[in-house]
Amino acid sequence: MIDRTRRSQVEHWTGTERLIVAAREAVEVMPADVRLTDASALLGAAFESVADYIDGQALPIDIVETRRYVRVEQLSAVPRIRPVSLAGRSLIKSFESLKDGDTKTPNLDPYNDRPDDPEKGTWTIGWGHAIWFGGRFLKGSKDKARAAMLYPNGITLAEAETLFDGDVLETCRDIGPLLPEGVTENQYAALVCFAFNVGAGALGTSTLLRKFKAGDIEGAAAQFVRWNKSGGKVLPGLTRRREAERNLFMYTGGIVGIS
């Protein structure tokens, strides 16, 4: 857990960064076979210990999800993760949207992100947060009960925002080492939005990134719209998203604040 004597060291971190470090340090001391209820209690204590650092609010995350974010070797340099602008966060949200798998309950419940082809869909919650369990993402009808079990009471809007913050931070962490120096805020925001959707691995091997690193900005921008297919089919929603990312990537009229 974060020692209070380290206050000056972590004072400039965002709430999410502090939360993740607290969770990481709590998980480090947990036995591999810890029970879910015990793990939740331990994490709750970790969050409470840094509550004054995170706007006085406890931000609970399920132990399964927490383990996804607390890979020690990857998060050892949390303060150096570059944040994304408000424009980037807003762009991601505008295409992910906040969905509810069961409107009859008071909270937000898991939903399948492919209602057109549920067996290929991933179980998701909140702002496009793919549910991870047992080393894989939950998919199709076979995993419906598991997704519901992981979130038996759903999540609140505040918890959805916390998961979104973690997903964005994870994307920023993963694409940071891939990018050349001198990336503008708008270019960075567009690439975060792109990688949030297709994955940092796909960005890393893309022609888009190769052209960008070679200094061919217009050539890189033209590559965005090539990523508008799913299952070999052009999807209007993906086309709109890629066009919006391209436009932000090329926009030089100024920066919309850092989140």
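Filter the range 200-221 for residues that are under 21 Å from A87 (Cβ atoms) and loosely packed, with under 15 Cβ neighbours inside 10 Å and give the result. Spell out the reasoning first.
We begin by selecting, within the range 200-221, every residue under 21 Å from A87 (Cβ atoms); these are 200, 203, 208-209, 212, 217-218, 220-221.
Scanning the range 200-221 gives I217, E218.
Taking the options G231, G166, name whichever one is surrounded by fewer than 16 Cβ atoms within 10 Å (Cβ to Cβ) and touching an Asp or Glu at 6+ places or on another chain (Cβ under 9 Å).
Values: G166 fails: surrounded by fewer than 16 Cβ atoms within 10 Å (Cβ to Cβ).
It is G231.
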- prompt: Just checking, which of L248, L209 is under 21 Å from S94 (Cβ atoms) and among the hydrophobic types (A, V, I, L, M, F, W, C)?
  reply: L248
field: Single residue of the range 128-163 satisfying the filter (aromatic (F, W, Y) and assigned to a strand (DSSP E or B)) that is surrounded by the fewest Cβ atoms within 10 Å (Cβ to Cβ)
entry: F137
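Every read-out reported here was derived from the displayed coordinates using simple, explicitly stated rules and does not represent laboratory data. Small disclaimer: the values here were computed from a predicted structure and weren't measured. Because the Cβ atoms are built from the backbone with ideal geometry, glycine has one as well, and the counts that use them run over all protein chains shown.
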